[in-house]
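This report refers to the structure that appears directly beneath it.
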Amino acid sequence: MIRKNVIFNVLGAISFMPLAHADIINGGFEQWNGNTPTGWTTIDSGINLSASNQVVQSGNQSAAVTVTTATQGSTDFRQSIDVTSGQTYNVSVWVYHTEGNMAARLYVNGYQGYSNESLTNQWQELSYSYTATSTASIEVGLRFYDRSGFDGSEVVYVDNFQPTTSSDSGSTCSADNTTLSLTTDNYGYETSWTISQNGTTVESGNGYSNNSNVTESFCLADGDYTFTINDSYGDGICCNYGNGSYALSVNGSEVASGGSFNSSESTSFTVSSGGSGGGNSGGGNGDLGSYYQSAEELSGYTLKTELAAIISGHTTRTYGDLWTFYSQSETDSYYENDGSIIDIYSENPNGSDPYSFTAISDQCGNYNGEGGCYNREHSFPRSWFGGDVDPMNTDVHHIFATDGYVNSQRSSYPYGEVGSATFTSQNGSRLGSAATTLGYSGTVFEPIDEFKGDIARAYFYMATRYQSSIGSWESNSSYADAVLNGTSNQVFENWFLTMLLSWHSQDPVSQKEIDRNDAAQVYQGNRNPFVDHPNFVTSIWGN
């Protein structure tokens, strides 16, 4: 393809609009006509509603929803709202379980996350960030699902159902402090970007002309953010079909830049009235926000030790609690967007999955081959740290939902790059002898490229979170000995560390990882610092 040697200067052509309001009528359940809340148009036969002033999250009343059937298709509770193409709507609702035998599932133009039914007699929030692909009317609401112990009638209180948008967030900066400079390639319409905070999109852009220069400045309040640039074709914006590039600056300091990536590339950064920090390309660790504040200006193993202090002492959950985490926070709103369990050993990021798993009902269980059920994969095998030993055995930051059969094929083999495969899963994950270039000659398991960075950052987390003990794990198994070097600083053998650094660089942090990290903090009280600040990896282990 011949590139035209023409560059257009475009100011203001960026798709930069405040997030749109799409009002949910009577989301606070203050107006009723008998036992019907105003504005709610679908109330199925398996639920009964009434106004309550006894259990209220905000305002004067909530909706007391009595679920009287285990037939899920008869428990919907919805209304329609109008949305505008390209705009993002942050839909949230608060629910209150009384018995714990009934789960609520958020519906936003499709089924989204579940409530945690085990949290009884307290309010919990469900939320979902929805970006409209067309100007249309969509449905929002809830569906209720029976759980073990359901006795045929359970009350769940619902309150404060609303979208919240960036224009409501109270940004207080007095001047534009963030600038994005973007040059598109020959296919500008394939490029889009977002800036998000705690999983919520606060700025975004798309719909660009080909070979265009775009500059946009905007105001971000102090806090931690993630910039993500996407290419829908999957070949980045440089250098196959044009010389596209991007650069994001905060208070005059560049925090993210590039152009050569696959489907997406993400960088975490911090906005502060005193400067900027974070980012893959920032020089050193400046203002890192309150969570990582004590790690500012540190590097090398000193930084690693401080990060260990920050993320240690998390709440240890039970092994069974992982099923709940998966059903609430490990579902697909990124690929097929069908709400199925995300399985890193079967997910096909570029087409239809070979099979899919329904949350909870497809938990393992027995299996005779692929597609039988999903289970809990310790990406860092449990035998390496001594077996059923907490908190490692239940730490969600390294335990992923995976197909049971493929998990059994992986066994406790090290991750690696396969030269000759003896087994290949239906999504392309492989088991076999190591490639001759790897520096290791044993059997290894190689996930697909889409998840190599996820796994690398899980291993960097383990090396940091368990710094005080990981130096002694080398002797727990022969495979642990092949990967671990018996120290608490470098932790990994040279061949394995080199591979992890490569995987981390080639597969940058995705929105899925960012969302999972946010959910993990809610779940067990700590974060993976290498998802929040990918530059920590090279700050500690180099290149």
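The values are calculated or read from the model by the stated rules, or taken from the named source; none is laboratory data. Bear in mind that the values here come from a model prediction, so they are computed numbers and not experimental data. So basically every Cβ, Gly included, is an ideal-geometry build from the backbone, and we count neighbours across all protein chains shown. These area figures cover heavy atoms from the full protein model, side chains too; ligands, DNA and RNA do not enter into them. Shrake-Rupley method; radii C 1.70, N 1.55, O 1.52, S 1.80 Å.
Does segment 339-376 hold any residues that are aromatic (Phe, Trp, Tyr) and surrounded by fewer than 23 Cβ atoms within 10 Å (Cβ to Cβ), and which are they? Steps first, answer last, please.
Narrowing segment 339-376 to residues aromatic (Phe, Trp, Tyr): 345, 355, 357, 367, 374.
The answer is 355, 367.
Select, from 446, 513, the only residue that is closer than 19 Å to residue 396 by Cα, crowded, with 19+ Cβ neighbours inside 10 Å and within 28 Å of the chain's Cα centre (by Cα). Break it down stepwise before answering.
Details: 446 fails: closer than 19 Å to residue 396 by Cα.
Checking each option against the conditions leaves just 513.
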Task: Selection count, segment 205-222, where residues are assigned to a strand (DSSP E or B) and open to solvent by 20 Å² or more (accessible area, probe 1.4 Å) - done: 4
Task: Subset of segment 219-232 [among the hydrophobic types (A, V, I, L, M, F, W, C), under 17 Å from residue 531 (Cβ atoms) and at pLDDT below 90] - done: none
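Here's the yes/no breakdown for (1) touching a Leu at 6+ places or on another chain (Cβ under 9 Å); (2) crowded, with 17+ Cβ neighbours inside 10 Å; (3) modelled with pLDDT of 90 or more:
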residue: 253; (1), (2), (3): no, no, no
residue: 265; (1), (2), (3): no, yes, no
residue: 289; (1), (2), (3): no, yes, no
residue: 299; (1), (2), (3): no, no, no
residue: 323; (1), (2), (3): no, yes, yes
- [ ] Could you check residue 507 against (1) on the phi < 0 side of the Ramachandran plot; (2) over 18 Å from the mean Cα position of the chain (by Cα) and say which number it fails?
- [x] (2)
Open item on the list: Let me spell it out: the conditions are (1) in contact with a strand residue (DSSP E or B) (Cβ under 9 Å, 6 or more places away or on another chain); (2) modelled with pLDDT of 80 or more, and residue 235 meets all of them except one. Which number is the exception?
Closed with: (1)
TODO: Output the qualifying pairs, or none if there are none: Cβ atoms under 8 angstrom, residues six or more apart or on different chains, first residue in segment 366-381 and farther than 26 Å from residue 456 by Cα and part of a loop (DSSP other than H, G, I, E, B), second residue open to solvent by less than 30 Å² (accessible area, probe 1.4 Å) and of a type in the set (Gly, Ala, Ser).
DONE: 367/404; 372/404
- [ ] Being open to solvent by less than 10 Å² (accessible area, probe 1.4 Å) and polar (S, T, N, Q) is the filter; apply it to segment 72-89 and report the residue that is farthest from residue 134 (Cα to Cα).
- [x] 75
Task: Tabulated pairs, segment 309-336, first over 14 Å from residue 394 (Cα atoms), second in a helix (DSSP H, G or I) and open to solvent by 40 Å² or more (accessible area, probe 1.4 Å), C-beta under 7 angstrom, 6+ apart or interchain - done: 310/294; 334/511
TODO: Go through (1) part of a strand (DSSP E or B); (2) at pLDDT 90 or above; (3) of a type outside the set (Lys, Arg); (4) open to solvent by less than 40 Å² (accessible area, probe 1.4 Å) and name the single condition residue 92 misses.
DONE: (2)
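Listed residues 85, 118; which is closer than 19 Å to residue 153 by Cα and out of contact with any strand residue (DSSP E or B) (no Cβ under 6 Å at 6 or more places or on another chain)? Before the answer, list the steps.
Details: 85 fails: closer than 19 Å to residue 153 by Cα.
Only one candidate passes the filter, namely 118.
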Task: Residue count, segment 129-155 (criterion: aliphatic (A, V, I, L, M), touching a strand residue (DSSP E or B) at 6+ places or on another chain (Cβ under 6 Å) and open to solvent by 30 Å² or more (accessible area, probe 1.4 Å)) - done: 1
Open item on the list: Give all pairs with beta carbons closer than 8 Å in which a residue from segment 93-104 that is of a type in the set (D, E, K, R) meets a residue that is part of a loop (DSSP other than H, G, I, E, B) and open to solvent by 10 Å² or more (accessible area, probe 1.4 Å); count only pairs at least 6 apart in sequence or on separate chains.
Closed with: 99/149; 99/151
TODO: Considering only segment 100-124, state which residues are in a loop (DSSP other than H, G, I, E, B) and open to solvent by less than 40 Å² (accessible area, probe 1.4 Å).
DONE: 100, 101, 110, 115, 116, 117
